[in-house]
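Structure first, then comments.
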Amino acid sequence: MSDQGPRIFKREHSDMSISSFVDSDGLPHVGQVIHQDEPYCSTIDQVTNSKYIYRRKGSETVIVDYVAVDTKNKNLQKANIRFRHPRNPVIGDKFSSRHGQKGVCSQLWPDIDMPFSGITGMSPDLIINPHAFPSRMTIGMLLEILAAKGGCLHGNFVDATPFSDDTESESLVEDLGSKLRALGFNYHGTEVRATGQVDQITRQPIKGRKRGGGVRFGEMERDSLLAHGAAYLLHDRLHVCSDYHVADVCSLCGSLLTTTTIQPPKRVIREFGGLPPTKALKKVKCLACQTSKGMETVAMPYVFKYLVAELAAMNIKMTIQLNSRAAA
Amino acid sequence: MDGVSYQRFPKVKIRELKDEYAKFELRDTDASMANALRRVMIAEVPTIAIDLVEIEVNSSVLNDEFIAHRLGLIPLTSSRAMSMRFSRDCDACDGDGQCEYCSVEFHLRAKCMSDQTLDVTSKDLVSSDHTVQPVDVGGFENSDRGIIIVKLRRGQELKLRAIARKGIGKDHAKWSPAATVTFMYEPEIHINEEMMESLTLEEKQSFVDSSPTRVFDIDANTHQVVVVDREAYTYDDEVLKKAEAMGKPGLVEIYAKEDSFIFSVESTGAIKASELVLNAIEVLKHKLDAVTLSDDTVEADDQFGELGAHMRGG
């Protein structure tokens, strides 16, 4: 390397092969379009006189935006060349919102193929799958979407300062909801369900928004509530709001399946001085034990009963041993 | 083909007509026709827009592509567009797009000489053809100003030559003459009067208020719930849900009339809204002609292959 001297930006006047790309100072013209593998600057070694041509790598066509040189040095040894890359969105490009919701453009549709509003004629610029939200919990993005919609329809800015108390209403959601409502939109969409359609066999809430189901409270959600120690909420989500069932269990034989209801004898229940009629007590009995002595009621998920029935169908008997809480 | 004809005779009734806005009813046809009309209006009615820009001097803060893009998006008065040629099939200039039949030239020169920021707007564009001008965006707050292209500070300069050509929105959205084109099914609202009378005034009010848009109201004299504006209904189902929640399913019944449409057409100003609708019908006719013309000729085979033979054979 010792036989090499300092290299300076320069193009040999005789070198016509690159003269249309590189000026005599070895630098490109501003505004020049450079395609793949085309030269954009050249240097010459001051000792060996060997030249080196820099060529554009990569398949993108670029435009020279700006060229700056170091004028402190007499020899042109340092230069700053900036390129512009014109990039239209294409399939496979990755985009991101400020909330870190990233995604890949999977299809580009012409305007006419997009859905449109029958009233205002607005059509979306971008469609994002709502499944991106529940698991990632970027509530801020949802709020920003609502705020942006309300803000642009009213023509004003929305104050998004967190933890500030200067709003009049109870919560931001209420504020934004009423704004949208004033413009004839829904207050908010379908939310987490408390009641709704259930599956016939398991009596658990059904899948799929189309059929009236809710947002699934899955294993990871369960784990997070466990970690928080929020046992009551967990019980509410997975049991009370799901397939809560009070089953009759025979404590004598431990069976869930042999219980049967006894038809109460038809008799007029006398009313005792304005009190509501007394509920007929034991109206279930165990068919195996032929008695209703050991009948107890136990709250359990309905699928548990279904599981016991399925096991029985393959010759597995499941029995339940009951203890009062004090004894346990 | 038996003698049964499914031909229908659509009717149009104009509700409102302004230069840049039209609202009309389209009846006795189906959604395919209405949607075809909408799609043609957005994507296939030709206009003129700047397509080629030669920048001589640009010392502004925006780069050349940026300015060229902004110039392209400026709507130009395009009443002449229907009779102009596409520069790709213009014989007069071999398709290089620089003749009177297919192009219009614009010049722009602006230099800021004062300490105040200079707004370069669409008004600074000088056209070579007086029928093709940047659209006058009058009627707004700054009606004396055009559409801002770039802002210059002292010493900055912009000098360019631009060529505007005829095109359609399918190629680039800048050629789309439509700001919004939309249609909705005409709703048909039936109130079950008997059931409605069983409600208290308060319940009626809460029913009326349940609609996000003002569709229903209570008559001040008779206290009856009446439909004041059925077209304000956005098919949001809110009133139906409310009726259900009140334990009165079937209180109102709402159908979409599937053969009547209400169109709202808003133009960018390039052509009048009325022209937009008429040109769209013209374009649609041309497209259909392409099918019927070659119906009984050999061309059909070239154009449509098996489909052509199928059309002739019936």
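The values are calculated or read from the model by the stated rules, or taken from the named source; none is laboratory data. Since we're looking at a predicted model, the values are computed, not measured. In this analysis, Cβ positions are derived from the backbone assuming ideal geometry, glycine residues included, and neighbour counts consider all displayed protein chains. The protein model used for the area step is the full one, side chains on, heavy atoms only, and it has no ligands, DNA or RNA in it. Shrake-Rupley method; radii C 1.70, N 1.55, O 1.52, S 1.80 Å.
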Practice prompt. Go through the residues of segment B:52-66 one by one and say whether even a single one is of a type in the set (Phe, Trp, Tyr) and either open to solvent by less than 20 Å² (accessible area, probe 1.4 Å) or outside any loop (DSSP other than H, G, I, E, B) (or both).
Written response: yes
Worksheet item: Can you pull out the strands (runs of 3 or more DSSP E) entirely within segment B:100-174 that have at least 3 residues that are open to solvent by 60 Å² or more (accessible area, probe 1.4 Å)?
Response: B:103-111
Fill in: Cβ pairs under 7 Å, 6+ apart, first in segment A:93-114 and within 14 Å of chain B (Cβ to nearest Cβ), second open to solvent by 50 Å² or more (accessible area, probe 1.4 Å) and in a helix (DSSP H, G or I)
A:ASP111/B:ALA173; A:ILE112/B:ARG39
Discussion item. Take A:GLU191 and tell me if it is modelled with pLDDT under 75 and closer than 30 Å to A:ASN156 by Cβ.
Written reply: yes
Item to complete: Kindly indicate the residue of segment A:115-158 that is hydroxyl-bearing (Ser, Thr, Tyr) and within 22 Å of A:ARG98 (Cβ to Cβ) and also farthest from the other protein chains (Cβ to nearest Cβ) among those meeting that condition.
Response: A:SER135
Response to the item:
Note: among B:ALA243, B:ALA232, B:ALA220, just one is among the hydrophobic types (A, V, I, L, M, F, W, C) and under 23 Å from B:PHE24 (Cβ atoms), namely B:ALA232
Practice prompt. Return a yes/no flag: does segment B:72-89 have any residue that is among the β-branched types (Val, Ile, Thr), open to solvent by less than 90 Å² (accessible area, probe 1.4 Å), out of contact with any Asp or Glu (no Cβ under 8 Å at 6 or more places or on another chain) and within 14 Å of another protein chain (Cβ to nearest Cβ).
Written response: no
Discussion item. Just to verify a result, which residue in segment B:165-186, among those that are within 11 Å of chain A (Cβ to nearest Cβ) and charged (D, E, K, R), is farthest from B:ILE74 (Cα to Cα)?
Written reply: B:GLU186
Worksheet, complete the sentence: Within segment B:1-43, of all residues that are among the β-branched types (Val, Ile, Thr) and touching a residue at least 40 places away in the same chain (Cβ under 8 Å), the one nearest to B:ASP136 (Cα to Cα) is B:ILE42
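Filter segment A:26-46 down to the residues that are over 54 Å from the mean Cα position of the chain (by Cα) and not β-branched (Val, Ile, Thr) and list them by number.
A:ASP45, A:GLN46
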